[in-house]
Amino acid sequence: MSRWVDVCDVEDLVPDRGAGALVGAYHVAVFRLSSGEIYALGNHDPFSGANVLARGIVGSAGDVAKVASPIYKQAFDLRTGVCLSDPDVRVPVFATRVNGGRIELSDRPVPPARPGTASADSPLPQDDKEEQ
Amino acid sequence: MVGHKLVELITRDGGLERWRIVVFAEEKRLAYDRVGLSALFSGSTAEDLSLVADGAYDGVLVHLADPVVAVDREQRLVVSASGAEERYDALVLATGSYPFVPPVPGHDLPGCFVYRTVEDLERIREYAAGARVGAVVGGGLLGLEAANALLALGLETHVVEVAPRLMPLQVDDGGAAALAERIAELGVFVRAATQTTELEPGPDGGVRTMRFSEGTDLEVDLVVFSAGIRPRDELARTCGLKIGPRGGVVVDNACRTSDARIFAIGECALARDRTWGLVGPGYEMAEVVASQLTGSPDAPVEFTGADLSTKLKLMGVDVASFGDCFGEQESSRDVVLRDDVARVYKRLVLNTDTGRVAGGILVGDASAYQLLRLMAAGELPTPERPEQLLFPAQAGDAGPGILAMPEDTAVCSCNNVTKRVICAAIADGVSDVGGIKAATRAGTTCGGCVPLVTDLLNDELRKSGREVSNNLCEHFRHSRQELFDIMRLRRIGSFAELLAACGRGRGCEVCKPAVASMLASLGGGHILKGEQAGLQDTNDHFLANLQRDGTYSVVPRVPGGELTPDQLIAIGQVAKEFGLYTKITGGQRIDLFGARVEQLPAVWSRLIDAGMESGHAYGKALRTVKSCVGRTWCRYGVQDSTAMAIRLELRYRGLRAPHKIKSAVSGCARECAEAQSKDFGVIATERGWNLYVCGNGGMRPQHAELLASDLDDESLVRYIDRFLMFYIRTADRLERTATWLNKLEGGMSYLRSVVVDDVLEIGTELEADMERHVAGYECEWRGVVEDPDRRQLFRTFVNSPDPDPDIVRVSERGQMRPALPEERAAVTPVLVGSVR
Ligand code: SRM
Ligand SMILES: Cc1cc2nc3c(=O)[nH]c(=O)nc-3n(C[C@H](O)[C@H](O)[C@H](O)COP(=O)(O)OP(=O)(O)OC[C@H]3O[C@@H](n4cnc5c(N)ncnc54)[C@H](O)[C@@H]3O)c2cc1C
Ligand code: SF4
Ligand code: FES
């Protein structure tokens with residue numbers, strides 16, 4: 001069962017930029033968009049093998065918010081973790097929410113949100129209800 | 001793989017409306033890319049190899065890890081190991097092959113493996129942890145791949161081949177010799193013409209001694225058998241289908257077995273009198289069957305055979321063979337290029353009757369493979385002097401023949417994608433290689449065809465008048481030059497303003513850094529100021545060059561290459577203190593590699609205290625102005641080239657441009673500083689300086705051209721000011737000066753009229769722009785080190801001061817370097833449940 005883990009202040013993040021975070025043993029890349037949404041993906045770039053997705057450039061392709069790996073530039077959908085140029089590749093997605101100005105992440109990857117339903121605080125999976 | 005392809009094709013063509021599909025799989029996971037199996041040893045996971053897109057099996061019933069054990073043809077029933085039964089109207093066997101293990105005594109001892117499935121590799125990896133020496137039995141294509149894997153696992157690796165040479169099926173003696181030499185250099189021990197007669201266990205019961213026919217033996221800890229594959233035809237045999245003399249389920253050209261309701265495809269099938277051990281022909285068979293099951297009109301209804309040409313990179317060595325590679329026809333004659341220095345071997349087989357390329361073998365450099373293969377297949381005309389294709393491509397050669405290729409040419413042989421299909425995708429609006437991959441799957445397997453696909457794409461776009469668009473990206477319908485003018489004239493000072501004025505969306509990794517660079521060229525202040533920080537590419541964002549493992553390199557500026565002993569000592573001390581790898585660069589300065597993000601400010605603080613400043617190695621900006629010693633020391637020097645180089649480097653340091661800018665100053669015509677290969681280069685004359693512009697080395701070397709001669713110091717600087725600012729205003733994103741000049745209408749004489757004769761009357765404006773840059777320059781690193789808020793950006797984790805534990809170093813030649821994946825695996829503990 002996953003729980004929320006406190007990570008940092010919203011203000012600790014530069015808008016439209018990512019930052020690395022450690023959640024237990026997971027390397028997570030947390031992104032704050034200038035439009036307010038917070039997203040979190042695994043920080044491990046499957047193409048280069050380095051933990052660098054947090055250092056990529058945030059942008060969009062059509063309506064999809066994305067981050068481009070700084071090493072070989074493959075882009076990943078911030079909502080689903082799916083690689084846009086190679087949809088067979090996906091990085092893990094973590095749930096995010098803002099709680100009193102603090103960013104919280106799920107303590108493990110969650111099933112990716114379906115495109116279009118992601119929001120700034122996507123809910124944790126159902127089985128977590130009692131814990132909150 | 002082939003079975004999965006079939007399911008994909010049937011679902012794509014609406015087959016789920018007609019058929020209820022049931023898949024039985026022996027392995028415990030859905031289809032994965034067996035061709036890329038070895039990637040498991042270079043950091044990929046089994047999930048990375050999956051071939052299955054989300055939802056691909058919606059509506060399909062799958063029994064995983066439950067092989068079919070019997071087929072009852074009378075009742076049209078299959079029975080699985082777990083006892084599940086399914087009736088069928090059509091049955092497709094896509095059972096692949098199994099690795100053949102020669103029945104030598106001891107072949108089944110613990111420590112003996114094959115190389116076929118994810119699980120095989122996992123077992124090898126596990127066993128190798130306690131092993132030191134590994135041997136591969138079989139020096140064919142797969143055997144060498146397995147040997148590479150053992151090497152990657154850190155084992156002393158031996159390859160034992162019965163035939164007198166490696167890869168006996170693909171290359172000849174000459175090719176095998178070049179290959180063996182290169183492979184030996186990588187540390188692999190090759191024993192050809194050697195038969196393994198027996199394996200004996202050691203005291204622990206695991207394999208220990210290999211005995212060979214010639215009476216020698218070898219102590220090993222682990223053995224991988226890769227002595228060929230055999231079709232898995234056991235089901236077909238037991239239910240009485242016709243089997244070939246050497247195995248394989250006999251099928252007709254429609255891939256039907258001797259029972260019309262049963263098909264066989266992929267490696268288990270014996271089609272056109274042979275089995276096919278590559279994925280491409282298997283996929284073609286899947287298409288043949290899919291078209292019969294769905295009635296889809298455009299797919300082929302007959303398996304016509306396939307090209308068995310192969311190109312691989314084995315242990316970093318290119319190996320290719322195509323067509324009639326052994327010259328078996330009466331009329332064939334060879335052209336052989338054997339370069340024992342570069343260890344390259346190329347053999348071209350020509351048919352003397354027709355004058356055409358018939359086949360060939362390439363080892364060490366297979367860059368000409370795609371074209372030669374197409375010529376051998378008769379899909380491209382053979383040029384007049386085909387032997388010239390054996391020499392490495394010269395800069396400026398246009399890829400011959402793409403236009404000449406007929407529509408049915410298979411551009412991507414892995415996925416059997418023809419030129420027609422790719423062109424159709426382009427006509428449907430696809431405009432980049434990524435789009436072609438997604439739409440056609442061309443280029444998604446071995447990647448070998450991507451250069452060809454790219455050429456085809458550019459060519460088609462140009463032909464269809466969709467002039468390879470000069471829009472910056474999907475967010476701006478303007479070229480870089482247009483945006484630059486908009487920003488300059490409307491005094492736009494931020495990305496947000498520009499987006500509001502003439503863009504849409506959120507921007508991306510193309511337009512953001514381009515706009516950041518233009519803001520910097522227009523005097524936008526520190527590149528990490530406010531919103532600008534978010535725009536920068538990681539190199540500019542961290543003011544350092546990102547390396548493959550996520551660390552950075554640090555390059556202090558060394559104007560003109562002149563360095564005092566104290567500065568040298570200071571650089572050495574910093575490197576020592578932070579454990580950085582040091583190297584003299586090709587640009588007359590010193591690079592310090594391997595600094596972690598959170599170390600960068602401290603490293604720079606030390607360097608700045610020692611009087612150094614940013615070298616902008618990370619920026620599309622002035623890099624270096626190289627110098628020679630010049631008149632001061634050199635007996636031939638006619639001017640003080642070192643002083644001029646330093647003056648120029650200090651003047652233009654930090655100048656942001658569409659691409660990097662390099663320069664050099666030589667003290668006489670002997671040109672030791674290589675000024676004629678630079679974006680702007682200066683050569684001393686008796687009377688002053690000659691100014692050359694628009695040269696570069698790199699991917700497409702081009703000599704700089706003379707812009708003006710015998711200039712005094714001040715005119716030299718004035719012309720360079722104008723030249724650079726004109727380039728910055730008008731060039732496209734990532735366009736070096738040479739490319740820019742090549743596209744500039746009127747070429748060098750137009751450029752000269754602008755810079756020297758000032759026909760546009762913008763000379764003073766351009767000089768003023770440059771003066772503003774010079775006056776506004778400050779060291780970007782000083783601006784970070786002295787600003788606590790900016791220093792804050794330099795950390796690995798927002799919620800922890802720790803370094804990235806995945807960055808692992810090993811020592812080599814007295815310095816540190818990044819650990820290779822397998823070395824890293826040896827020292828990093830694996831966290832259960834971690835996704836790292
Ligand atoms: C360090 C160095 C190699 C070395 O060990 O000597 C180097 C390293 C890199 N070069 Fe270079 N180049 C280095 C000298 C050169 C030279 C030689 C020279 O400058 O005299 C050339 C050919 C000359 C030229 O550019 O005209 C050169 C042609 C390239 C190119 C091809 C440019 C082109 O127009 O074709 C690239 C790719 C690019 O910029 O797009 C490149 C790119 C790179 C990058 C930035 C690749 C990357 O993105 O990681 C490397 C990162 C450097 C780092 O991490 O610090 N490097 N590179 C040299 C640094 C010089 C310096 O002090 O700044
Ligand atoms: C390391 C390696 C590298 C390779 N490199 C290349 C390359 O560069 N280029 C290239 O073209 N080819 C390459 N190949 C060959 C390529 O992988 C094969 O040609 C391809 O996988 C054949 O596809 P297939 O579907 O016929 O067989 P497979 O991919 O082997 O699939 C057959 C499946 O059927 C299952 N099965 C068998 N019997 C039963 C049963 N009774 N019930 C249920 N399931 C059953 C098997 O477990 C297997 O999962 C390589 C192979 C390997 C091992
Ligand atoms: S030549 Fe290639 S590998 Fe070597 S430093 Fe330059 S870019 Fe890197
Ligand atoms: S030829 Fe292998 S991917 Fe196209």
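What 222 nm value per residue comes from the helices of the protein assembly as shown, counting each DSSP H run with n ≥ 4 as -39,500 (n - 2.57) and dividing by all residues, nearest 500 deg cm²/dmol? Could you put the intermediate results ahead of the total?
Values: 26 runs with 249 residues, N = 968.
Roughly -7500 deg cm²/dmol at 222 nm, from the helical runs in the protein assembly as shown.
If you place +1 on the Cβ of every Lys and Arg and -1 on the Cβ of every Asp and Glu, how big does the dipole about the Cα centre of the range B:441-540 come out, in debye to the nearest 20?
Values: 13 positive and 12 negative charges, 55 e Å.
Computed about the Cα centre, the dipole is about 260 debye.
Can you tell me the orientation of helix B:565-578 relative to chain B, as the angle in degrees between its alpha-carbon axis and the longest Cα principal axis, to the nearest 10?
With rounding to tens, the tilt is 40 degrees.
With each pseudo-label sitting 7 Å past Cα toward Cβ, what's the A:Val98-B:Val62 distance in nm, one decimal?
3.9 nm
Determine the per residue accessible area of the range B:556-636 with all protein chains present and a 1.4 angstrom probe, expressed in square angstrom.
Details: 3610 Å² over 81 residues.
Here the per-residue accessible area is 45 Å².
Is there a simple number for the mean count of other chain Cβ atoms within 10 Å of the Cβ of residues in A:53-64, and what is it?
On the way: counts 0, 5, 9, 4, 14, 6, 12, 7, 6, 2, 2, 2.
Averaged over the peptide's residues, the number is 6.
Work out the FRET efficiency for B:Glu765 and B:Ala184 from their Cβ-Cβ distance, taking R0 = 51 Å, and round it to the nearest 0.05.
Values: r = 63 Å, r/R0 = 1.24.
Once the sixth-power term is evaluated, E becomes 0.20.
Roughly speaking, what is the centre-to-centre gap between the range B:342-367 and the range B:405-446 when only Cα atoms are used, to the nearest Å?
Between the Cα centre of the range B:342-367 and that of the range B:405-446, the gap is 26 Å.
Does the range B:242-310 come out rounded, prolate or oblate by the C-alpha gyration tensor, with a ≥ b ≥ c the root eigenvalues, rounded set by a/c under 1.5 and, if not, prolate when a/b is larger than b/c and oblate if not? Walk me through the intermediate numbers first.
Details: a/c = 2.32, a/b = 1.17, b/c = 1.98.
Oblate, because a/c is 1.5 or more while a/b does not exceed b/c.
What is the ratio of the Cα radius of gyration of the protein assembly as shown to 2.2 N^0.38 Å, with N the residue count, to two decimals?
On the way: Rg = 31.1 Å, N = 968, 2.2 N^0.38 = 30.0 Å.
Against the empirical 2.2 N^0.38 Å value, I get 1.04 for the protein assembly as shown.
Is the range A:1-119 rounded, prolate or oblate when judged by the Cα gyration tensor, a ≥ b ≥ c being the square roots of its eigenvalues, rounded requiring a/c under 1.5 and prolate requiring a/b larger than b/c?
Details: a/c = 1.40, a/b = 1.31, b/c = 1.07.
Here the range A:1-119 falls in the rounded category.
Pull up the DSSP beta bridges for the protein assembly as shown and report the antiparallel fraction as a percent, rounded to 5.
Counting only bridges with both partners in the protein assembly as shown, antiparallel ones make up about 80 percent.
So how tilted is helix B:641-652 from the main axis of chain B? Cα-based, degrees 0 to 90, rounded to 10.
Tilt of helix B:641-652: around 80 degrees.
Just for chain B, what percent of DSSP beta bridges are antiparallel, to the closest 5? Each step should come with its number before you reach the end.
Details: 79 of 111 bridges.
If I count the DSSP bridges inside chain B, around 70 percent turn out antiparallel.
Per residue of B:544-554, how many C-beta atoms from partner chains lie within 10 Å of its own C-beta, taken as a mean?
The per-residue average across the peptide is 3.
Other chains near A:21-33: what is the mean number of their Cβ atoms within 10 Å of each residue's Cβ?
Working: counts 5, 8, 2, 3, 7, 5, 8, 4, 0, 3, 0, 1, 1.
Shielding by partners across A:21-33 averages 4.
Write down the accessible area per residue of the range B:661-725 in Å², having rolled a 1.4 Å probe over the full set of protein chains. Mind showing how you got there, number by number?
Working: 2630 Å² over 65 residues.
It amounts to 40 Å² per residue over the range B:661-725.
Among B:744-757, B:648-661, what's the highest-first ranking by average C-beta atoms within 10 angstrom per residue?
Numbers: B:744-757: 14.8, B:648-661: 22.1.
Sorting B:744-757, B:648-661 by mean packing, highest first, produces B:648-661, B:744-757.
Specify the angular offset, from 0 to 90 degrees and rounded to the nearest 10, of the alpha carbon long axis of helix B:141-152 from the longest principal axis of the alpha carbons in chain B.
60 degrees
Which lysines have a Cα lying under 17 Å from the Cα of B:Lys463, excluding residues fewer than 8 positions away in the same chain?
Of all the lysines, those that pass the test against B:Lys463 - Cα under 17 Å, at least 8 places apart if same chain - are B:Lys419.
Is the C-alpha gyration tensor of chain B telling us rounded, prolate or oblate? Criteria: a/c under 1.5 is rounded; beyond that, a/b larger than b/c is prolate, otherwise oblate. Provide the component values of the computation, followed by the final result.
Details: a/c = 1.89, a/b = 1.72, b/c = 1.10.
It comes out prolate by the Cα gyration axes.
Please report the antiparallel percentage of DSSP beta bridges with both residues in the range B:221-353, rounded to the nearest 5.
Details: 17 of 19 bridges.
The antiparallel fraction comes to roughly 90 percent.
The values are calculated or read from the model by the stated rules, or taken from the named source; none is laboratory data. These numbers were taken from a predicted model, which means no experiment stands behind them. Positions of Cβ are backbone-derived with ideal geometry, glycine not excepted, and every protein chain shown enters the neighbour counts. Ligands, DNA and RNA are stripped out before the accessible areas are found, and what is left, the full protein with its side chains, is counted by its heavy atoms. Shrake-Rupley method; radii C 1.70, N 1.55, O 1.52, S 1.80 Å.
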